[in-house]
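A quick write-up on the structure given underneath.
Coordinate-derived values only; no laboratory data. Computed from a prediction, not measured in an experiment: that's the story for all the values here. Positions of Cβ are backbone-derived with ideal geometry, glycine not excepted, and every protein chain shown enters the neighbour counts.
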């Protein structure tokens, strides 16, 4: 089976799952922590080299404070949990904003934990417009062939994404890494993220293996 080198993860459906369980919307994020760790271990086992989790976006911070506090704390817990694994960790997001958790600022430079190995990127307080804002400043040089567009985005340390998997049934990217995802295959799982199962990943990998990957060629 052809294994994608880099998988992007959009773990959607935490709030809907929480409501279905009779809980407040803010309670669902903690139930997404164990699936995130399990998925990391499965990706490492099958030979994936890089994985990017979509933590929360700058738009998500417009939600009620109970929810924003809950998903911020969940992201902090997730990153700290992964720092106990064999992972090369990087957090990418708008650190200049007060919405970026100060606890995660030490992780905004890539660090190896344990034996390193699997690259793990975590998007926290991330916005596609923020990621691309430097392109405007360098547009004239880029037009003249004097600049590399990829080096001007804030997420330049994250490689091209081969496969994006989204839980929760929504069929949209929601601003996920617009440069790196330009040739990504996109697989949607209807189950909500806290209902993660191993088969979700295996089925996505089987589907990916059946795709004709040409990268436009």
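Please compute, over every Cα-Cα pair in region 42-133, the percentage with a separation greater than 19 angstrom.
Here the tail beyond 19 Å accounts for 39 percent of pairs.
Where does region 6-209 land on Rg(C-alpha)/(2.2 N^0.38 Å)? Numbers along the way, then the final one.
Working: Rg = 16.8 Å, N = 204, 2.2 N^0.38 = 16.6 Å.
This ratio for region 6-209 stands at 1.01.
Given 0.36 nm per residue, what is the gain on full extension from residue 113 to residue 210 after removing their alpha carbon distance, in nm? If you can, show how the numbers build up before the last one.
Working: separation 97, 0.36 × 97 = 34.92 nm, distance 3.42 nm.
Contour length minus Cα-Cα distance gives 31.5 nm.
Modelled label-to-label distance, residue 105 and residue 41, 7 Å Cα→beta-carbon offset: nm?
For the pair residue 105/residue 41, the computed spacing is 3.4 nm.
Could you order the peptides 7-19, 44-56, 63-75 from most to least packed, using the average number of other C-beta atoms within 10 Å per residue?
7-19, 44-56, 63-75
Take every Cα pair under 8 Å in the chain that's 6+ residues apart, average their separations, divide by the length, and report that relative contact order as a whole percent.
Answer for the chain is 27 percent.
Assuming R0 = 35 Å, can you tell me the calculated FRET efficiency for the pair residue 171 and residue 80, based on Cβ-Cβ distance, to the nearest 0.05?
Rounded to the nearest 0.05, the efficiency is 0.65.
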